[in-house]
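Structure, as structure tokens:
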Amino acid sequence: MSDSIIIYILTHKKFDYEYSEIYKPLLNGSALLDEDFGYIRDDTGDNISELNTYYAELTGEYWAWKNSNADIIGFCHYRRYFVKNIFLEKLDENDINEILKDYDIILPEIRHLHKSVIEDIHDGHLDGACHKKEDYYMIREIIEEECPEYLESFDELINGKEIYWFNMYILRKDLYDKYCEWLFNILEIFRQRNDF
């Protein structure tokens with residue numbers, strides 16, 4: 001099905017990993033780091049690596065959007081992997097191709113919360129040091145202005161009790177390109193409006 005699959009292992013530090021043709025470490029925020037571990041760096045080509053303080057692992061995802069030529073692209077969030085069984089065997093090229101015959105995207109298991117997403121943010125349970133409720137309200141305003149067709153989905157997510165944790169997914173590059181165009185437009189407007 002695919003000529004090339006790359007699953008980027010997003011990281012900000014050195015780690016032990018098993019070499020693979022499809023799994024590649026991608027150092028996030030490398031423009032801000034003194035270390036070089038021999039990984040792919042997000043400060044080459046078209047990049048926003050210097051914005052890692054604001055974008056976290058999304059600087060790596062931006063780099064992949066602008067610089068990767070894989071047919072299928074994916075991300076393992078800070079060394080978490082997609083596995084296919086209790087023995088923690090990683091998804092391989094055949095697994096990914098088979099799944100994407102029937103589905104547009106591979107996601108981690110959905111998480112069920114006791115409260116809504118926004119209530120957990122209000123209570124500071126969803127990593128309160130990084131996620132502030134005011135930011136979500138500003139993002140909602142931007143979605144309402146820029147792409148109101150997504151507002152109902154945003155409200156369902158933020159008021160719901162289910163969420164896909166982490167920036168982990170695998171999909172075709174053409175779908176990824178559309179997603180990134182949408183996402184980084186919203187985030188750039190947010191960055192310009194927010195007083196960090």
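Using r as the Cβ-Cβ distance of Glu141 and Lys14, and R0 as 45 Å, what FRET efficiency do you calculate, to the nearest 0.05?
It comes to 0.70.
Restricting the count to DSSP beta bridges whose residues both fall in the chain, what percent are antiparallel, rounded to a multiple of 5?
45 percent
Counting heavy atoms of the protein chains only and a 1.4 Å probe, report the per residue accessible area for segment 19-100 as a whole number of Å².
Heavy-atom accessible area per residue stands at 49 Å².
How large is the dipole of the chain about the Cα centre if only Lys and Arg carry +1 and Asp and Glu carry -1, each at its Cβ, rounded to the nearest 20 debye?
Using only the charged Cβ atoms, the result is roughly 460 debye.
If Lys and Arg each add +1 and Asp and Glu each add -1, what is the summed charge of the other residues whose beta carbon sits under 12 Å from the beta carbon of Ile158?
Summing Lys/Arg as +1 and Asp/Glu as -1 gives -3.
By a straight-distance test (C-alpha under 15 Å), which aspartates and glutamates pair with Lys115 as possible cross-link partners, with residues fewer than eight away in the same chain excluded?
Reachable aspartates and glutamates: Asp123, Asp127, Asp155, Glu156, Glu162.
Cα to Cα, under 13 Å, and not fewer than 8 places away if on the same chain: which aspartates and glutamates meet these conditions relative to Lys161?
Leaving aside aspartates and glutamates fewer than 8 places away in the same chain, those within reach of Lys161 are Glu119, Asp120.
Under the 0.36 nm per residue contour assumption, what length would be gained going from the current alpha-carbon distance of Trp165 and Lys66 to full extension?
Here the segment from Trp165 to Lys66 would lengthen by 33.2 nm.
When the solvent-accessible surface of protein heavy atoms is calculated with a 1.4 angstrom probe, in what order do Leu107, Leu171 fall, highest first?
Of Leu107, Leu171, the descending order of accessible area is Leu107, Leu171.
Among Ile170, Asn159, Trp182, flag the residue with its Cα farthest along the positive direction of the charge dipole of segment 144-183, charges on Cβ as +1 for Lys/Arg and -1 for Asp/Glu.
Ranked along the dipole, the leading option is Ile170.
How large is the dipole of segment 117-196 about the Cα centre if only Lys and Arg carry +1 and Asp and Glu carry -1, each at its Cβ, rounded to the nearest 20 debye?
340 debye
Would you mind calculating the relative contact order of the chain from Cα pairs under 8 angstrom and at least 6 residues apart, reporting the percent as a whole number? Can you show the working numbers first?
Numbers: 272 pairs, mean separation 42.9, N = 196.
Reported relative contact order: 22 percent.
Which of the lysines could a cross-linker span from Lys178 if the Cα-Cα distance has to be under 23 Å and same-chain partners fewer than 8 positions apart are dropped?
Straight-line reach from Lys178, under 23 Å: Lys24, Lys66, Lys101.
The values are calculated or read from the model by the stated rules, or taken from the named source; none is laboratory data. Not measured: the values here are computed from a predicted model. Please note: Cβ atoms are built from the backbone with ideal geometry, for glycine as well, and neighbour counts cover all protein chains shown. Just the protein is used for accessible areas: all its heavy atoms, side chains included, with ligands, DNA and RNA removed. Shrake-Rupley method; radii C 1.70, N 1.55, O 1.52, S 1.80 Å.
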